[in-house]
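A quick write-up on the structure given underneath.
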Amino acid sequence: MISLDQAVDATRTGDLWLFRGDTLADKAIRTATNAPVNHVGMALVLDDLPPMMWHAELGKSLLDLWTGDHHRGVQLHDLRGAVEKWTRELGQQAWVRQLAPEAGRAQEDGALRAIARWDGTSFPRTSALAWRWLRGRSVIEDDPRSRQERLESAYCAEVVGVTYEEMGLLARGRKSNWYDPGVFYSGDRLPLTQGWSLGDEIEVVLD
């Protein structure tokens, strides 16, 4: 268990931020995907810029640091602001999982390619989330190269999954909607490429 200040200071590119809430929507997501968490985001930490969070959400209250405006869907936020929103305003419990070894330039470049490609992608209708995930688990994608044209909407786990693929942390070949928040939790077996690992969840508490 660490404070938000400690977590923000320690976070690095590729670290996962996981959230669990108690609203009906949160519980519905966990039930539909059989997951212990209902939201996942990925940290992006570049040079001397404040840490950022790359994720997808329905709200548009926070400034998207990539586009410089407010919109729903896939977004790049100030990490501290995003965590405070999800914990203080939305009542979510937060954890962080750290990527090892530390991401390098190649992984950062991959993350930036994903952001340039998918920032602003709309969020799917809540009623369609469960069916979308089930379809994703049904078969392996035939041609991963065509995903860019098909990804017209995306939920949080899809965003992190395809970004991890661009970073070389996950092998390509799965449908983007194969991913759900639970596969990024330590109880599941995320098939990271050789040499990469994720630490256990560390709970983040606010003062």
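Each of the peptides 101-109, 186-194, 8-16 was scored by the mean count of other Cβ atoms within 10 Å over its residues; in descending order, highest first, they stand as 8-16, 101-109, 186-194. Dipole of segment 1-101 computed with +1 at Lys/Arg Cβ and -1 at Asp/Glu Cβ about the Cα centre; of 99, 51, 39, farthest Cα towards the positive end is 39. Contact order for the chain, expressed relative to its length and based on alpha carbon pairs under 8 Å spaced 6+ residues apart, stands at 28 percent. In a simple Cβ point-charge model (Lys, Arg +1; Asp, Glu -1; nothing else charged), the chain has a dipole of about 900 debye relative to its Cα centre. For segment 185-206, the residues whose backbone nitrogen is under 12 Å from a point 7 Å from the Cα of residue 1, taken along Cα to Cβ, are 203-206. Think of each Lys and Arg Cβ as +1 and each Asp and Glu Cβ as -1; about the Cα centre, that makes the dipole of segment 47-128 roughly 380 debye.
Computing P(r) over Cα pairs in 10 Å bins from 0, in percent for the structure here picks out one of (i) 9, 39, 41, 12, 0; (ii) 7, 16, 23, 14, 12, 10, 9, 7, 2, 1, 0; (iii) 7, 28, 35, 21, 8, 1, 0, namely (i).
Please check which bits of segment 77-94 a label hung off residue 63 would reach, taking the label as a point 7 Å along Cα-to-C-beta and the cut-off as backbone N under 17 Å. Backbone N within reach: 77-85.
Over the chain, what percent of the accessible surface lies on carbon and sulfur atoms, probe 1.4 Å? Summing carbon and sulfur atoms, their accessible area is 50 percent of the total for the chain.
Summing charges over all other residues whose Cβ lies under 13 Å from the Cβ of residue 88, with Lys and Arg as +1 and Asp and Glu as -1, gives -1.
The values are calculated or read from the model by the stated rules, or taken from the named source; none is laboratory data. Computed from a predicted structure; not experimentally measured. Virtual Cβ from ideal backbone geometry, glycine too; neighbours counted across all protein chains shown. In case anyone asks, the SASA skips ligands and DNA or RNA and just uses the protein heavy atoms, side chains included. Shrake-Rupley method; radii C 1.70, N 1.55, O 1.52, S 1.80 Å.
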